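Reviewing the structure listed below.
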Amino acid sequence: MKTQIMIAAMLFYGAATIPFQSESKDLAVIETIIDLQEKEKIEASALPDPVKKSIADDATISELPILEVWKVKSEEGEKYFKIKFGNGGEGLTKKYDAEGVEIK
């Protein structure tokens, strides 16, 4: 009887911990992907003029304050700017290449 209870307990424990083990592996993969991108926080004033013009011409964001600006180089070597705007209580993030073209 004790053996049957122990076997059932071990099976239950194994089944209960499988989702946690696979989740931690997924997080490690995501962290690795993020680390492959080079990010540098810059001031909004350091944005290239074409990016500044695109922001000024876009009526949906031209009046919003810029909270953060990141210069990002992806693992493929593509460079772009990730800009976080203050949108009330929510943040709005957009990406632009050096020519001011929005990346969707």
Mind listing the phi-derived Karplus ³J(HN,Hα) values for the stretch 70-82, rounded to whole Hz, using 6.51, -1.76 and 1.60 with θ = phi - 60°, and x for any glycine or proline? 10, 9, 10, 10, 6, 5, 7, x, 6, 9, 8, 10, 9
Points 7 angstrom from Cα along the Cβ direction at A46 and I7: gap in nanometres? 6.5
Listed by chain and number, the residues whose amide H is under 5 Å from that of G100, excluding neighbours fewer than 5 places away on the same chain and using placed H, are V51
For the E99, A59 Cβ pair and Förster radius 22 Å, calculated FRET efficiency rounded to 0.05 is 0.60
In order over the stretch 49-63: 3J(HN,Hα) from phi, Karplus 6.51/-1.76/1.60, θ = phi - 60°, whole Hz, x for each Gly or Pro, gives 4, x, 5, 4, 5, 4, 5, 5, 7, 8, 5, 6, 10, 4, 8
Send over the per residue convex hull volume for the stretch 37-104, Cα only, as a whole number of Å³. 87
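Computed from the coordinates by the stated procedures, all read-outs in this text should not be read as laboratory data. What you are looking at is a predicted structure, and each value in this text was computed from that prediction instead of being measured. Quick reminder, even Gly has a Cβ in these numbers, built from the backbone with ideal geometry, and neighbours come from all protein chains shown.
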